[in-house]
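Structure first, then comments.
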Amino acid sequence: GNYSLDEYQRMANGFRERYIGKAGIGNSLQDIEKHYWDIVNGKRGEVVVEYGNDIDTSKSGSGFSSDEKSPWNLTKIAQSPDCPLSLFQHDIKGVTVPWLYCGMMFSSFCWHCEDNHLASINYVHKGSPKVWYVAPAKDAAKLESVMKQHLPCLFDS
């Protein structure tokens with residue numbers, strides 16, 4: 001659906017409360033993570049969640065005020081004279097202009113390498129902790145081999 005950021009948060013919080021109550025699972029990160037992997041592995045049936053991605057912060061806002069001086073203000077990093085991204089003459093969405101992502105309980109974002117292998121910075125403004133699974137660069141070929149073995153459809157040309 002189409003939501004404002006506040007509407008999305010209300011929807012996601014309502015889903016979490018209803019789901020935890022109905023499924024009878026604990027509210028701890030460990031309980032929810034275990035349940036998530038049970039869903040992924042087909043032990044809990046299908047669960048439908050919503051995820052907002054690549055939201056243009058120049059239109060939606062970034063979660064930081066435009067005059068906020070915090071070093072974590074992602075809208076200001078590319079403008080820092082010490083940042084190589086400040087050399088770009090124009091805005092590049094998702095690189096010099098942050099994108100906003102909205103996730104809810106059980107939402108996922110695929111493992112991937114960032115465009116041009118640039119670093120990525122994430123900041124959780126609201127809600128529950130985010131769980132990251134990271135493969136070190138030295139193991140990228142091993143990860144890709146396992147993914148091709150188990151999910152060949154993702155690699156078809």
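The values are calculated or read from the model by the stated rules, or taken from the named source; none is laboratory data. It should be emphasised that the depicted structure is a prediction, and the values quoted were computed from it without experimental measurement. Positions of Cβ are generated from backbone atoms using ideal geometry, with glycine treated the same way; all protein chains shown enter the neighbour counts. Just the protein is used for accessible areas: all its heavy atoms, side chains included, with ligands, DNA and RNA removed. Shrake-Rupley method; radii C 1.70, N 1.55, O 1.52, S 1.80 Å.
Observations
- The residues 16, 10, 44, sorted by heavy-atom accessible surface at 1.4 Å with ligands and nucleic acids left out, run 10, 44, 16 from largest to smallest.
- Taking only the C-alpha atoms of the range 1-60, the Rg (one decimal) and the largest Cα-Cα distance, Dmax (whole number), read 13.9, 41 Å.
- Gain in span if fully extended, residue 17 to residue 79, counting 0.36 nm per residue against the direct Cα distance: 18.3 nm
- Note that the chain presents 76 Å² accessible area per residue, ligands and nucleic acids not counted, probe 1.4 Å.
- For the residue pairs 76/138; 69/126; 34/76; 69/138; 76/142, alpha carbon separations beyond 28 Å are given by 76/138; 34/76; 69/138; 76/142.
- Cα-centre dipole for the chain with unit charges at Cβ (Lys and Arg positive, Asp and Glu negative), debye to 20: 440
- Once the convex hull of all Cα atoms in the chain is built, its volume per residue stands at 172 Å³.
- Counting charges near residue 137 (Lys, Arg +1; Asp, Glu -1) among other residues having Cβ under 13 Å from its Cβ returns a value of -1.
- Cα extents of the range 83-157 along the three principal axes, largest first (Å): 42, 32, 25
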